[in-house]
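I have placed the structure first, in the form of structure tokens, so that the comments after it can refer back to it.
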Amino acid sequence: MSGQEKIRELEKFAVQIRVETLKEIGTLGFGHLGGAMSIVDTLAVLYGGVMNIDPQNPSWEERDWLVCSKGHAGPAVYAALALRKFFPMEELETLNKPGTRLPSHCDRNLTTGIDMTTGSLGQGASLAVGIALGNRLDGRTSYTYLILGDGEIQEGQVWEAVLYAAHQKLDNLIAFVDYNKKQLDGYTKDINDLGDIKAKFESFGWHAQEVDGSSVREIYEAIEKAKGAKGRPSVIVLHTVKGKGCRFAENAFLNHHMTVSKEQMAEAIAELEQQLQTG
Ligand SMILES: Cc1ncc(C[n+]2csc(CCOP(=O)(O)OP(=O)(O)O)c2C)c(N)n1
């Protein structure tokens, strides 16, 4: 397969993840649509080719790990996992309903393919550092991927983990910051300005890049570069749009947690499916 074909395939996978995420949240009627949609392109790259995983053997010891520290984006991760056949697609309809194995936030004890329980913001960074360090101590060559929210990195615990990862020279750790410029109740610049995120990570000793987080090509190439940076952990700051690919969510100022009507769901899915046909 040529590089161009691979990129096209990842773009299609991203659209499929968006459609399934919308169906999950739209069927329930509410959910964390904004922050789920903004990381879809990264999930498509990770689950569509980069991560060394085996859906038949989800706990395979040599696998790459993903810690989605912004655990409220669980529905997007579940969509990627189901599309990769970690569990049946029908299970997506059970999102956040009584007895489900798909809670609103990621839970490693409930969901096949979820590597770490998250939801309490900031903690995933420390967990990912522990996983990466443990895998290295055990002589494994696997990578640990970590997805952080931009509002989330206001948590002090993140920077403790970032400092220690650099001290341990964890070049098997690749973090992403979903820089969609919004947190729960407004813009990060108005609530607690993050300044230059890339420069901050660099000052802690990390290899750092900044890319268009809606471009699977840029994300894919940045991961390749990150793997080439030896002796230090890597961060990829993703310039994203909260609600990306779902017009009513993109247009809403408060799009962190939203109600979704059946009409909104149908219209947004139709637009996405159009992209699948024309692309
Ligand atoms: C320690 C902690 N404090 C508060 C919350 C409640 N909370 C959930 S998501 C969220 C906003 C996160 O913003 P951001 O990291 O930018 O993620 P995005 O909404 O862009 O996905 C908050 C405050 C939480 N889950 N954990």
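What follows draws every value from the coordinates through simple rules; no lab data is involved. Here the structure is a predicted model, which means the values were calculated and not measured. Counting neighbours? That spans all protein chains shown, and the Cβs are built from the backbone with ideal geometry, glycine included.
Name the residues in segment 105-145 that are of a type in the set (A, V, I, L, M) and within 16 Å of the ligand (Cβ to nearest atom), would you?
Met116, Leu121, Ala125, Leu127, Ala128
List the number of the failed condition for Ser126; all other conditions in (1) out of contact with any strand residue (DSSP E or B) (no Cβ under 9 Å at 6 or more places or on another chain); (2) of a type in the set (Ser, Thr, Tyr); (3) surrounded by 18 or more Cβ atoms within 10 Å (Cβ to Cβ); (4) not in a helix (DSSP H, G or I) hold.
Of the numbered conditions (1) out of contact with any strand residue (DSSP E or B) (no Cβ under 9 Å at 6 or more places or on another chain); (2) of a type in the set (Ser, Thr, Tyr); (3) surrounded by 18 or more Cβ atoms within 10 Å (Cβ to Cβ); (4) not in a helix (DSSP H, G or I), the odd one out for Ser126 is (4).
For Asn180, are the conditions met, namely being touching an Asp or Glu at 6+ places or on another chain (Cβ under 7 Å) and closer than 21 Å to His239 by Cα?
Yes: the conditions hold for Asn180.
With the condition kept exactly as written, say whether any residue in segment 247-264 is in contact with a Phe, Trp or Tyr (Cβ under 8 Å, 6 or more places away or on another chain), of a type in the set (Asp, Glu) and surrounded by 12 or more Cβ atoms within 10 Å (Cβ to Cβ).
No, segment 247-264 contains no residue that is in contact with a Phe, Trp or Tyr (Cβ under 8 Å, 6 or more places away or on another chain), of a type in the set (Asp, Glu) and surrounded by 12 or more Cβ atoms within 10 Å (Cβ to Cβ).
Is it the case that segment 73-87 has a residue that's at positive phi and in contact (Cβ under 8 Å) with a residue 60 or more places away in the chain?
Within segment 73-87 (the criterion being at positive phi and in contact (Cβ under 8 Å) with a residue 60 or more places away in the chain), the answer is no, since none of the residues qualifies.
Restricting to segment 181-196, count the residues that are touching a helix residue (DSSP H, G or I) at 6+ places or on another chain (Cβ under 7 Å) and more than 10 Å from the ligand (Cβ to nearest atom).
1
Restricting segment 226-246 to residues that are among the basic types (Lys, Arg) and surrounded by fewer than 17 Cβ atoms within 10 Å (Cβ to Cβ), which is farthest from Ile39 (Cα to Cα)?
Only one residue fits best here, namely Lys230.
Restricting to segment 184-218, name every residue that is farther than 26 Å from Ala166 by Cβ, without any contact (Cβ under 8 Å) to a residue 60 or more places away in the chain and among the aliphatic types (A, V, I, L, M).
The answer is Ile191, and nothing else.
Is it the case that some residue within segment 31-39 is more than 12 Å from the ligand (Cβ to nearest atom), of a type outside the set (S, T, N, Q), within 9 Å of the chain's Cα centre (by Cα) and surrounded by 23 or more Cβ atoms within 10 Å (Cβ to Cβ)?
Checked against the condition, which is being more than 12 Å from the ligand (Cβ to nearest atom), of a type outside the set (S, T, N, Q), within 9 Å of the chain's Cα centre (by Cα) and surrounded by 23 or more Cβ atoms within 10 Å (Cβ to Cβ), segment 31-39 yields no hits at all.
Name the residues in segment 53-72 that are over 18 Å from the mean Cα position of the chain (by Cα) and either within 16 Å of the ligand (Cβ to nearest atom) or free of Cβ contacts under 8 Å to residues at least 40 places away in the same chain (or both), would you?
Asp54, Gln56, Asn57, Ser59, Trp60
What are the pairs, 6+ residues apart or on separate chains, where a residue within segment 129-154 that is within 17 Å of Trp206 (Cβ to Cβ) has its Cβ under 6 Å from a residue that is charged (D, E, K, R) and within 8 Å of the ligand (Cβ to nearest atom)?
Every condition considered, the pairs that remain are Glu152/Lys70.
For segment 137-145, check the following and say yes or no: at least one residue is part of a helix (DSSP H, G or I) and in contact with a Gly (Cβ under 6 Å, 6 or more places away or on another chain).
Scanning segment 137-145 turns up no residue that is part of a helix (DSSP H, G or I) and in contact with a Gly (Cβ under 6 Å, 6 or more places away or on another chain).
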